[in-house]
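Participant: Shown below is the structure under consideration.
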Amino acid sequence: MAKEGLPPGIVNPPRPLPEKAGESPEEHRTPGTLVLVLVFLAAFVVYYFVNWKLLSFVWRVG
Amino acid sequence: MSADFRTCPTTGLKVHAQADRLIKANAVVGVVALLIGGIAALLLLLTRWQVVHLLPADWFYRLLTVHGMNMLIFFILFFEMAILYFASAVLLNSRVAAPRLAWFSFWLMVAGALVVEWTMFTGRADVLFTSYVPLRATPWFYLGVILFAVGALLVVAIFFATLIVAKKERTYTGSIPLVTFGAATAAIIAVITLGHGAAIYIPTFLWSLGIGNVDAQIYRLVWWGLGHSSQQINVAAMVAVWYLLGALTVGSVVINEKISRIAFTLYVLFISMAAAHHLLVDPGLPPTWKVWNTSYAMYLAVLASMIHGFTVPAGIELGQRLRGYTKGLFEWLRRAPWGDPGFSALIFSIIIFGFVGGITGVTFGTEQINIIAHNTLRVPGHFHATVVAGTTLAFMGLTYYVIPLIFRKKVAFWPLARIQPYLFAAGMLIFSVAMTFAGTFGVPRRHYDISFAQAPFDFQFSPAVDLVMTAMAIGGLLAITGGAIYIAITVWSVFFGKPLEAEVKA
């Protein structure tokens, strides 16, 4: 329970990592972040494409 | 010597008394600048919202100058000076090198800022943040900026001197922490930035006195080495704060220290090129220069941001997973401390900076696309997402830890503090996206009256513009409410807050 006026990170600091935690490469997977990164990439592609499309409306070639 | 230090009961760090005082002084002045810039923001917003159209034209441009200088220079740089003292003296358990010079620098920055404020509020410098030549302000304006920049440059020198002192006096072992490394890259970019500032403001100051001439294109070229690069100091400092907040709030781990350090180094080498996107429609520069700077070199800086944009959340995820939150894809995120304003500010800062600020910024960096975005509201839409929703929000989150750890006070109005990042982030997201949409419809930036009421020609924007401008106003008002809450919390906590010692004794 957080104490009024103090951030939880100070009142209840994050638990120390268990000993030997993260030693195995299997534990180093971050699938959630990977999904978020792919969503970002998709947004990037869509926005970039839309901008070229908009440009084609105002700057016609031929 | 030990009498000059206190040991932080929470972190165990030794805090030099001078570092403590310098951090407090810089942070307090930074928040005062935020307040001035915030009031100007409210008045500007109520003017650009055509339904209200509050200010007369002269005060609109005057307050736009006030808003830009206070938000992009004074608030941000005072806060970053505090971060430099924290990342050097506090994180390395060291004393501050040359504390007297540090105080001299602080007062020089304050004096410079006060001179600039006076010139702006008295109508002697209605030249906007960019002060493009041949717009001429009073010489005091340029002198004030130069004094401020010299002060900031001295603080950067003290930061590097403190790193050397810490190394010599062996106050830490191994490599410097990643947060200090990030702050060091911000400091290096600050040197580049302030060098550009000196190179352009000194001749412009002389020109304002009637000595010599300044070419308008050269001014733009060199000035943007200051104007945009100063925001890159923010980026490096913000990313350093992301790593710090991740560690403080959820015990995030650094996925790969070497990769993160390389990414910071890429900022130093390539991020200044991003300034070129302001000059892509300028006729005085050749296409080769434009293409090299924006289409090649700049992407290496973008790569750095993408690396940090992956390693920071991945570090949070890994830290959470190693503590047992392993169910599904997102238990680590669901079970994170969302009621901690430090954590919520961190996450919203990453998301809005990356998704809105980052993507729009890269788009502007494309020469062909720039021509449909330049000087429209898309540009402020972009930098409000980076500097305000990204950097300022990260600094706000850090403040909730600085108040108890440095000021030794409890955070006042705690229930409000918990929701403040949500209000501010939601407001800034709506505001930035609406600005971007308005810009897509061709709405110009820095424009007093987009109805062109007194223009000799008639021009009508798409009716959709009214809708997005209203959304912009609603988002802006929400964000200003969040900002006002932040200032109220900060000022009350620092000056009237309950001391932490009293709480511990009780």
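Values in this text are rule-based calculations from the coordinates and carry no lab data. Since the structure is predicted, the reported quantities are computational estimates derived from the model, not experimental observations. We place every Cβ from the backbone using ideal geometry, glycine too, and count neighbours over all the protein chains shown.
Participant: How far, in nm, would the chain grow between B:THR11 and B:HIS447 when pulled straight, counting 0.36 nm per residue and subtracting the alpha carbon separation? Spell out each step's value before the answer.
Facilitator: Values: separation 436, 0.36 × 436 = 156.96 nm, distance 4.88 nm.
Answer, rounded to one decimal: 152.1 nm.
Participant: Something else: Name the residue from B:MET71, B:ASN26, B:VAL90 whose Cα lies farthest towards the positive end of the charge dipole of the range B:2-97, charges +1 on Cβ of Lys and Arg and -1 on Cβ of Asp and Glu.
Facilitator: The residue sitting farthest along the positive end of the dipole is B:VAL90.
Participant: Another question, if that's okay. Charges at C-beta only: +1 for Lys and Arg, -1 for Asp and Glu. How large is the resulting dipole of chain B about its Cα centre, in Debye rounded to 20?
Facilitator: With Lys and Arg at +1 and Asp and Glu at -1, about 1380 debye.
Participant: Name the residue from B:ILE200, B:ILE188, B:THR294 whose Cα lies farthest towards the positive end of the charge dipole of the protein assembly as shown, charges +1 on Cβ of Lys and Arg and -1 on Cβ of Asp and Glu.
Facilitator: B:ILE188
Participant: Enumerate the amide H contacts of B:LYS409 below 5 Å, restricted to partners 5 or more residues apart or on another chain; note that Pro and chain-start residues carry no placed amide H.
Facilitator: Under 5 Å from the amide H of B:LYS409: B:LEU500.
Participant: Among A:GLU19, B:GLU317, rank each residue by its count of other Cβ atoms within 10 Å, from fewest to most, as a rough exposure measure.
Facilitator: Ascending Cβ contact count within 10 Å gives the list A:GLU19, B:GLU317.
Participant: Roughly how many debye, to the nearest 20, is the charge dipole of the protein assembly as shown about its Cα centre, given +1 on each Lys and Arg Cβ, -1 on each Asp and Glu Cβ, and no other charges?
Facilitator: Numbers: 37 positive and 24 negative charges, 198 e Å.
Its charge dipole is roughly 960 debye.
Participant: While we're here: Going by average Cβ density within 10 Å per residue, which order do the peptides B:197-209, B:141-153 take, highest to lowest?
Facilitator: Numbers: B:197-209: 19.1, B:141-153: 23.1.
Taking the mean over residues of other Cβ atoms within 10 Å, the ranking is B:141-153, B:197-209.
Participant: Next up: From the C-alpha gyration tensor of chain A, pull out the three semi-axes of the equivalent ellipsoid (sqrt of 5λ each), sorted largest to smallest, in whole Å.
Facilitator: Details: eigenvalues 431, 91, 8 Å².
After diagonalising the Cα gyration tensor, the semi-axes are 46, 21, 6 Å.
Participant: Another one. If the viscosity is 0.890 mPa s and the temperature 25 °C, what translational diffusion coefficient in µm²/s does Stokes-Einstein give for the range B:68-135 when Rh comes from Kirkwood over Cα pairs?
Facilitator: Taking Rh from Cα pairs, D becomes 177 µm²/s.
Participant: Separation between the B:ARG100 and B:TRP118 pseudo-spin-labels, each 7 Å from Cα along Cα→Cβ, expressed in nm?
Facilitator: Rounded to a tenth, the inter-label distance reads 2.7 nm.
Participant: Averaged over peptide B:265-271, how many Cβ atoms belonging to another chain are found within 10 Å of each residue's Cβ?
Facilitator: Details: counts 0, 0, 0, 0, 0, 0, 0.
That works out to 0 on average.
Participant: Could you check how many percent of all C-alpha pairs in the protein assembly as shown are farther apart than 36 Å? Intermediate values should be presented prior to the final figure.
Facilitator: On the way: 51911 of 161028 pairs.
The calculated P(r) of the protein assembly as shown puts 32 percent of pairs beyond 36 Å.
Participant: If each residue of separation counts as 0.36 nm, what is the full-extension length gain between B:ASN213 and B:PHE413 once their alpha-carbon separation is subtracted?
Facilitator: The B:ASN213-B:PHE413 span can extend by a further 66.6 nm.
Participant: Measure nothing fancy, just the Cα-based angle from helix A:31-58's long axis to the longest principal axis of chain A, in degrees from 0 to 90, nearest 10.
Facilitator: 20
Participant: Oh, and also: Once the cut-off is 24 Å, how many percent of the Cα-Cα pairs in the range B:269-389 end up in the long-distance tail?
Facilitator: Details: 2880 of 7260 pairs.
When every Cα pair of the range B:269-389 is considered, 40 percent fall beyond 24 Å.
Participant: Follow-up. Residue-wise, which Karplus ³J(HN,Hα) couplings in Hz belong to the range A:4-16, taking 6.51 cos²θ - 1.76 cosθ + 1.60, θ = phi - 60°, and x for glycine or proline?
Facilitator: 4, x, 10, x, x, x, 9, 5, 10, x, x, 4, x
Participant: Something else now. Treat the range B:45-96 as a sphere of radius equal to its Kirkwood radius over Cα pairs and apply Stokes-Einstein at 25 °C in a medium of 0.890 mPa s; give the translational diffusion coefficient in µm²/s, rounded to a whole number.
Facilitator: 181
Participant: Quick one: 3J(HN,Hα) in Hz for the range B:335-340, Karplus 6.51/-1.76/1.60 with θ = phi - 60°, rounded, Gly and Pro as x.
Facilitator: Values, residue by residue: 8, 6, x, 5, x, 8 Hz.
Participant: If you find the alpha carbon centre of the range B:222-298 and of the range B:331-349, how far apart are they in angstrom?
Facilitator: Taking the Cα centre of each part, the range B:222-298 and the range B:331-349 sit 25 Å apart.
Participant: Using only Cα atoms, tell me the angle between helix B:57-68 and the longest principal axis of chain B; keep it within 0 to 90° and round to the nearest 10.
Facilitator: 30
Participant: When only Cα pairs under 8 Å and 6 or more residues apart are kept, what is the percent relative contact order across chain B? Kindly include the intermediate steps, with their values, before the conclusion.
Facilitator: Numbers: 813 pairs, mean separation 69.1, N = 506.
Relative contact order here is 14 percent.
Participant: Scan around B:GLN50 for amide H atoms under 5 Å from its own, H built in the peptide plane at 1.01 Å from N, and keep only partners 5 or more places away or cross-chain.
Facilitator: For B:GLN50, no residues qualify.
Participant: Over 23 Å apart: what share of the alpha carbon pairs of the range B:96-233 falls there, rounded to a whole percent?
Facilitator: Taking all Cα-Cα pairs of the range B:96-233, the fraction more than 23 Å apart is 41 percent.
Participant: Tell me the angle of helix B:178-208 to the major Cα principal axis of chain B, expressed in degrees between 0 and 90 and rounded to the nearest ten.
Facilitator: Helix B:178-208 sits roughly 30 degrees off the main axis of chain B.
Participant: Taking Rh as the Kirkwood radius, which is the inverse of the mean 1/r over Cα pairs, what is the Rg/Rh value for chain B?
Facilitator: So for chain B, dividing Rg by the Kirkwood Rh gives 0.96.
Participant: Moving on. In a solvent-free Debye calculation with one equal scatterer on each Cα, what is log10 I(q)/I(0) for the range B:339-495 at q = 0.19 Å⁻¹, listed in the order of the q values?
Facilitator: For the requested q values the scattering log ratios are -1.06.
Participant: Under 13 Å from the 7 Å Cα→Cβ point of B:GLN368, by amide nitrogen: which residues of the range B:283-302?
Facilitator: none
Participant: Something else about it: Among the lysines, select those whose C-alpha is under 20 Å from the C-alpha of B:LYS498, and discard any that sit fewer than 8 residues away in the same chain.
Facilitator: Result set, ordered by chain and number: A:LYS3, B:LYS24, B:LYS409, B:LYS410.
Participant: Using amide H atoms built 1.01 Å from N in the peptide plane, name the residues 5+ places from B:THR376, or on other chains, whose amide H lies under 5 Å from its own.
Facilitator: B:ARG445
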